[in-house]
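The next block holds one structure in the form of structure tokens; read it before the comments.
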Amino acid sequence: MKLSKGMRYVNGLLDERSWPVTRTGFGFYEIDAWGERLTGASSPQRCTLPGVAKRNSADAPYAVPNEFICGRLGLLIGLPVPPGAVVTTEDGTLAYVSLRFGPREESPPPLDPREFVEDNPSIAAGVIAFDYWIGNADRHEHNLAYVRGEPKVPVTVFDHSHALLGTQAGAAVRRLRAMLDEPLVSGILRQHITSSREFGDWAKRIGAISSELILDLCRTVVHPDGITAEECAVAAEFLTYRKDRVLEKIRGSRRRMPNIQGWEPDED
């Protein structure tokens, strides 16, 4: 195996002192501390990574279920969403913890949407398609990350606490039913995208997610501090209905993307 710059072997093992970071296609993650070595053929070792925990709040009463459901769906279709998990806190409430990306203790700078689209046209189309699917009108310069020429700030799509179930406690069912056919092509990327070529691929990825899997994800966060059984069922119905209409709704929102000069043929 070819070693990255600065990495070295000690007694046949990678020296953890020269292995301080993990880079993947889903971001840039730093290891805070290494722990004891464990038994196993792959030389496992305990470690800790920094994370960001979110809880439900008055301003984001569905933060945990929104982050979990949308984050998992984003990963399933191939968007660079930081991995995360739902945890139970000491007081019995839920929190959603995602891996922190980028240089330690630094937040990514505000996104330049023009550079993001120019350098990552496929991901940009994927974000627009994904946001339609999950009913997200809250895509702005602080929940996308990318800095041209800076590998420590990779393309990252994060923060979905205001999507899907919304931000009004007890109003999720009403919101989802009202938005079922809403095109919702919005956010800071739409005005900069110049090609429709990539939308078809993302529509196929979204359409390939089974209704059973969607329902399983929603059921995971049925909890006194998550969502009710009714909210679960309606959220799954919303996502299942919209997943097969991505291309139709995006094409119907052409005026929202004024810099796309020529659209791909309408045949699927």
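Here, each number is a calculation from the coordinates, and none is a lab measurement. In this text the structure is predicted, and so the values were computed from the model without any measurement. Cβ sites come from the backbone with ideal geometry, for glycine too, and all protein chains shown count toward neighbours.
Below is a table of values for the structure above.
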| read-out | value |
| --- | --- |
| Percentage of interatomic Cα-Cα distances in the range 188-233 larger than 16 Å | 59 percent |
| Calculated from backbone phi, Karplus (6.51, -1.76, 1.60) coupling profile of the range 120-133 in Hz, x at Gly/Pro | 9, x, 5, 4, 4, 5, x, 5, 4, 5, 5, 5, 4, 4 |
| Descending principal axes extents, the range 112-208, alpha-carbon based, whole Å | 44, 27, 24 |
| Estimated FRET transfer efficiency when R0 is 25 angstrom, pair residue 59-residue 182 (beta carbons, to 0.05) | 0.65 |
| With at most 16 neighbouring Cβ atoms within 10 Å, loop GluC sites (Glu not before Pro) (DSSP) excluded, longest segment of the chain | 142-266 |
| Residue with peak Gaussian network fluctuation, the chain [Cα springs, cutoff 10 Å], from 43, 57, 186 | 43 |
| Net lengthening on full extension, residue 263/residue 229 (0.36 nm per residue, minus Cα-Cα) | 8.1 nm |
| Prolate/oblate/rounded call for the range 51-256, Cα gyration tensor, a/c under 1.5 rounded | oblate |
| Selected from 167, 89, 220 as most flexible by GNM, with the chain as the system and alpha-carbon contacts under 10 Å | 89 |
| Net charge dipole size for the range 51-256 [Lys, Arg +1 and Asp, Glu -1 on Cβ; Debye, nearest 20] | 680 debye |
| Count, lysine Cα pairs under 29 Å in the chain, 8 or more residues apart or across chains | 6 |
| Placed amide H near residue 51: partners under 5 Å, 5+ positions off or other chain | 100 |
| ³J(HN,Hα), Karplus 6.51/-1.76/1.60, whole Hz, each residue of the range 169-177, x for Gly, Pro | 4, x, 10, 4, 4, 4, 4, 5, 5 |
| Counting DSSP beta bridges with both ends in the chain, the antiparallel % (nearest 5) | 95 percent |
| Order of 257, 179 - criterion: other Cβ atoms within 10 Å of each residue's Cβ, fewest first | 179, 257 |
